[in-house]
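Have a look at this one before I ask anything.
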Amino acid sequence: MERETARTAEKETGAPGKIGAAEVRAAAEVLRRYRLGKQNLDRRIIDNEQFWKLRHWEQMDKAGEGGRREDIRPASGWLVNCILSKHADAMDCYPEPTVLPREPNDRREAEELSRILPVILKNNRFKKAYSQAWWNKLKSGCAVYGVFWDGDKLHGLGDVSIRSMDVLNLFWEPGVQDIQESENFFCTELVPNRRLEREYPQLEGKLGRSGVQVSRYLYDDKVDTSEQSLVVDWYYHTEQEGRQVLQYCKFVGEEVLYATENDPEMAERGWYDHGKYPFVFDVLFPEEGTPCGYGYVDLCKSAQKQIDLMNQAILKNTLAAATPRFFIRSDGAVNENEYADWTRPFVHTNGNLGADSIAPIRVPSLDSVYVAVLQNKIAEMKETAGNRDVMSGGTAGGVTAATAIAALQEAGGKLSRNMIDDGYEAFSQVLTLCIELVRQFYDMPRQFRLLGENGGQFAIFDNRGLQPRPLLTGGYRVPEFDLEVTAQDETPYQTMEYNQLALQLFQMGFFRSDMAEQALRCLELMQFRHKETLTEVIRQGQKETEQKEWLTASLRQAVALLDKAQGTHLSETLEQELRQRDSGVGKTNRRVNGAVERQRQATRQAVRPR
């Protein structure tokens with residue numbers, strides 16, 4: 001329900017317009033016809049809810065299948081266990097979105113939306129809505145998400161609001177497969193009169209019991225609706241200059257609370273720019289001629305009834321055999337009260353006690369074939385729902401190896417994987433509507449604290465990059481995106497499998513620098529999650545190794561050049577020193593030789609005869 005946004009708009013524009021009491025009466029008549037066409041679906045959904053609550057004996061009584069009310073009525077939980085298992089599979093694969101651009105110029109916006117959308121989902125507590133939607137989907141076969149703009153969020157700034165809707169409160173044209181093809185779409189809600197009078201003062205004294213009623217679940221509590229009024233959100237389409245425009249009207253009784261066609265600013269533009277009904281139907285098992293489907297309760301309720309009826313018969317036989325009963329002759333002289341009291345050691349009789357005075361009633365024991373039929377019926381339900389024992393960790397036939405059990409679980413989980421993949425398609429439609437609301441309403445920059453690996457970082461985002469862009473050839477282009485949805489969390493076994501794969505790759509030398517080329521070629525042929533991350537790690541290691549080798553070679557060359565330069569300088573210095581030393585020795589020798597020669601000459605003159 002879009003009560004907050006409509007209330008804000010109603011305060012700004014309250015003038016009469018195209019939508020008045022006559023149009024509201026006509027819309028109420030259309031709603032009545034839609035409701036009549038949806039009665040069978042509503043009854044089936046309510047009946048399925050009783051099966052979920054193990055109250056199906058009450059439903060069987062209405063169909064004349066319950067037997068006597070005083071009999072014991074066991075309600076086994078085989079069907080409930082099936083739903084619990086499927087819901088656990090769905091929550092193990094909680095979706096995570098990735099936005100992909102359709103054109104190169106939109107890459108920046110796609111990256112920002114990939115970081116912003118998880119924050120929007122987190123702020124809406126979408127995991128709780130996702131869980132509730134899966135409960136509805138498994139029980140009744142259909143879940144509905146509502147994607148609205150709530151103008152009261154963030155202290156009036158407004159933000160996207162995502163909710164899990166109740167199918168009983170939604171109405172569309174009977175016979176359509178896609179709700180976008182319905183001429184009108186209604187969303188109803190019972191609201192206390194006091195709240196309505198407080199929010200819309202013009203309703204004071206005009207509220208009462210509405211003539212239009214909706215189906216309700218069979219609650220355990222007594223719900224009093226005497227002081228509540230039915231508020232209707234009415235969506236419909238009009239044509240404006242060849243394009244489809246989504247119009248919106250909110251009314252209670254014959255009082256119009258807000259209508260886009262009465263608002264001059266919204267009459268031509270419409271309620272939302274995307275022009276679609278803001279509801280997404282997520283179907284489990286589709287049916288022709290309806291946007292809803294059927295679920296596991298519809299698939300297995302027949303087997304559940306038969307199991308409980310056989311359990312009832314077996315229990316009745318067991319109790320009859322375990323409770324002693326006797327035939328007593330009317331002229332017998334046995335004190336029946338004393339005989340029935342097993343704590344009394346003596347039982348008085350009058351006269352002779354004949355062999356036929358008291359005779360035990362023999363209860364025939366059940367043949368084992370009946371227990372086998374019951375077990376076969378339980379096995380039939382497990383096979384029909386794909387909820388085999390191996391999915392819960394149990395095995396048969398002597399299978400004890402962990403890898404064999406895991407392989408059986410993976411093979412048995414193909415039904416769940418197919419079911420979850422279909423749910424991802426609905427999740428993509430929800431995100432598409434979120435992007436369109438961001439494109440329309442995010443006029444002011446907003447601060448976001450990012451999640452995941454980027455937790456602790458902040459980003460500023462607005463819708464400027466999502467607005468239409470002019471083309472060189474004329475006209476405008478609106479940035480559009482594709483959505484890739486993957487499971488955010490993995491099962492414990494898959495996490496163990498990824499860890500084991502990483503150890504095996506390490507042992508095989510995938511992280512060795514000299515094996516990088518071979519490892520990258522091998523990875524091209526492999527398929528597993530986070531392969532791109534591993535490839536980037538190996539390439540980064542290869543690049544770092546090449547850089548180290550280049551730096552090492554450069555350093556060695558520099559050292560060699562330095563050594564050579566230092567060696568040449570040392571040789572020149574040594575040669576110079578040797579020259580200097582040689583020149584000094586020569587001078588000394590010449591001085592010594594001169595002195596010796598002078599001494600010889602002096603000696604010759606002294607000894608020469610006169």
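Step by step: first the residues of region 420-465, then only those that are out of contact with any strand residue (DSSP E or B) (no Cβ under 9 Å at 6 or more places or on another chain) and of a type in the set (A, V, I, L, M), then the one that is surrounded by the fewest Cβ atoms within 10 Å (Cβ to Cβ). Which residue is that?
Filtering first and then ranking leaves MET444.
Condition check ((1) farther than 28 Å from HIS274 by Cα; (2) aromatic (Phe, Trp, Tyr); (3) without any contact (Cβ under 8 Å) to a residue 24 or more places away in the chain) across all residues:
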{"site": "VAL160", "(1), (2), (3)": "no, no, no"}
{"site": "VAL167", "(1), (2), (3)": "no, no, no"}
{"site": "LEU170", "(1), (2), (3)": "no, no, no"}
{"site": "ILE179", "(1), (2), (3)": "no, no, no"}
{"site": "THR188", "(1), (2), (3)": "no, no, no"}
{"site": "ASN193", "(1), (2), (3)": "yes, no, no"}
{"site": "LEU196", "(1), (2), (3)": "yes, no, no"}
{"site": "PRO201", "(1), (2), (3)": "yes, no, yes"}
{"site": "ASP220", "(1), (2), (3)": "yes, no, yes"}
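For region 366-380, how many residues meet the condition of being in contact (Cβ under 8 Å) with a residue 24 or more places away in the chain and either aliphatic (A, V, I, L, M) or touching a Phe, Trp or Tyr at 6+ places or on another chain (Cβ under 8 Å) (or both)?
5
Still on this model: Which pairs turn up if I take residues in region 333-345 that are over 11 Å from ILE358 (Cα atoms) and look for partners that are at pLDDT 80 or above and loosely packed, with under 10 Cβ neighbours inside 10 Å with beta carbon separation below 6 Å, at least 6 apart in sequence or on another chain?
Listed pairs, sorted by first residue: none to list.
For region 314-343, give me the residue count where each residue is within 60 Å of the chain's Cα centre (by Cα) and among the small types (Gly, Ala, Ser).
Within region 314-343, residues that are within 60 Å of the chain's Cα centre (by Cα) and among the small types (Gly, Ala, Ser) number 3.
Hey, another quick one. Testing LYS250 on (1) in contact with a strand residue (DSSP E or B) (Cβ under 7 Å, 6 or more places away or on another chain); (2) in contact (Cβ under 8 Å) with a residue 60 or more places away in the chain; (3) within 30 Å of ARG55 (Cβ to Cβ), one condition comes back false. Which one is that?
Every condition holds for LYS250 apart from (3).
Taking region 410-460, which residues are part of a helix (DSSP H, G or I), at pLDDT below 90 and among the β-branched types (Val, Ile, Thr)?
Matches in region 410-460: ILE420 only.
Follow-up. Residue under question is GLU10, and the condition is that it be of a type in the set (Asp, Glu), at pLDDT 90 or above and closer than 30 Å to ASN262 by Cα; does it hold?
Criteria not met by GLU10.
One line per residue, one yes/no per condition, for (1) assigned to a helix (DSSP H, G or I); (2) crowded, with 19+ Cβ neighbours inside 10 Å; (3) touching a residue at least 40 places away in the same chain (Cβ under 8 Å):
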residue: ASP42; (1), (2), (3): yes, no, yes
residue: PHE51; (1), (2), (3): yes, yes, yes
residue: GLY64; (1), (2), (3): no, no, no
residue: ILE72; (1), (2), (3): no, no, yes
residue: SER76; (1), (2), (3): no, no, yes
residue: LEU79; (1), (2), (3): yes, yes, yes
residue: HIS87; (1), (2), (3): yes, no, yes
residue: PRO97; (1), (2), (3): no, yes, yes
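In region 529-544, what residues are over 15 Å from GLN518 (Cα atoms) and over 35 Å from the mean Cα position of the chain (by Cα)?
Scanning region 529-544 gives a single hit, GLU544.
To continue, here is another question. Looking at (1) surrounded by 15 or more Cβ atoms within 10 Å (Cβ to Cβ); (2) outside any strand (DSSP E or B); (3) at pLDDT 90 or above; (4) of a type in the set (Gly, Ala, Ser), which one does ALA143 not meet, given that it meets all the others?
So ALA143 meets the others, but not (2).
For residues that are out of contact with any Leu (no Cβ under 8 Å at 6 or more places or on another chain) and closer than 21 Å to LEU374 by Cβ, scanning just region 283-302, find the one that is surrounded by the fewest Cβ atoms within 10 Å (Cβ to Cβ).
By that ranking, first place goes to SER302.
The values are calculated or read from the model by the stated rules, or taken from the named source; none is laboratory data. Since the model is a prediction, treat every value here as computed from it, not as a measurement. Counting neighbours? That spans all protein chains shown, and the Cβs are built from the backbone with ideal geometry, glycine included.
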